[in-house]
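See below for the structure under consideration.
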Amino acid sequence: MRWIAVFPHVCRRSLREQRHFPELERLLSEESRNWISKAEHMPDAVSSEIAMLLYEARGLGMDGFTFQKCEEQRASLVDHLGGCERILRTPLARSGAIQVRQFIFLLLITLPIGLMQTFEIDSSEPKFSAYNFNQVWIVSLYVMLFAYPLLSLDRIGMELQNPFSTHRIDFLPLDSICTSIERNVLELLHDIEDEPAEAPQLTDVELPPDADVPKQSGNELADIS
């Protein structure tokens, strides 16, 4: 069961391209941790260890139906990890991103021309007349209001290409998710004491320099990833 609790932590570190596991010190020996960190694909190494333990349990008397269901769940975990890796390894094509930004640029450049006709800016008026100044000010305001959501959507699209990295503005809270999975798995075997399992600390995570870290009470798990 400890290897099952190890699996989400290793997946998290693999998706972030990290090979240090301070949170596994309470679950595995140093030898096992070193073996995982040296594996070419760390989640596959843990999955293989779980498969071996299942086959050992089958030889010790586990019934065939239970073994089959456990093996199906193990394979399902690997499939879900593969989906996460496809998200990580298949970002938006650079040519597509350039075309989107070119479209936004051209739209914002030509938008004032159409708005000038809409607000009937008179070219016969002096360039800096009060009438034209007021109309141009309104056109500029409309362009800014139109540009903000478009540029924000472009930025959001860039952020979503890698939701696992802690260097993104809004990253997934994988640390707290993995810690909750660990605690729930160990509780199945009554393998924890009255005190909850130690949660990953902020020092274990590489945060961007300008990241906002929410204040946490003593009983809260670190909601970071």
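Since every read-out is calculated from the coordinates, none of them should be taken as a lab result. The structure presented is a predicted model; accordingly, all values stated were derived computationally and were not measured. Glycine gets a Cβ as well: all are built from the backbone with ideal geometry, and neighbour counts include every protein chain shown.
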(request) Sticking with the crude label model, points 7 Å out along Cα→Cβ, report the distance from R86 to H167 in nm, one decimal please. (result) 2.6 nm
(request) Loop only per DSSP, at most 16 neighbouring Cβ atoms within 10 Å: give me the GluC sites (Glu not before Pro) in region 1-94, ordered by residue number. (result) E17, E40
(message) Which of V143, V10 has the fewest other C-beta atoms within 10 Å, and how do the rest follow up to the most?
(response) V143, V10
(request) At 0.36 nm per residue, minus the direct Cα-Cα distance, what do V100 and E25 gain on full extension? Give it in nm, one decimal, please. (result) 22.4 nm
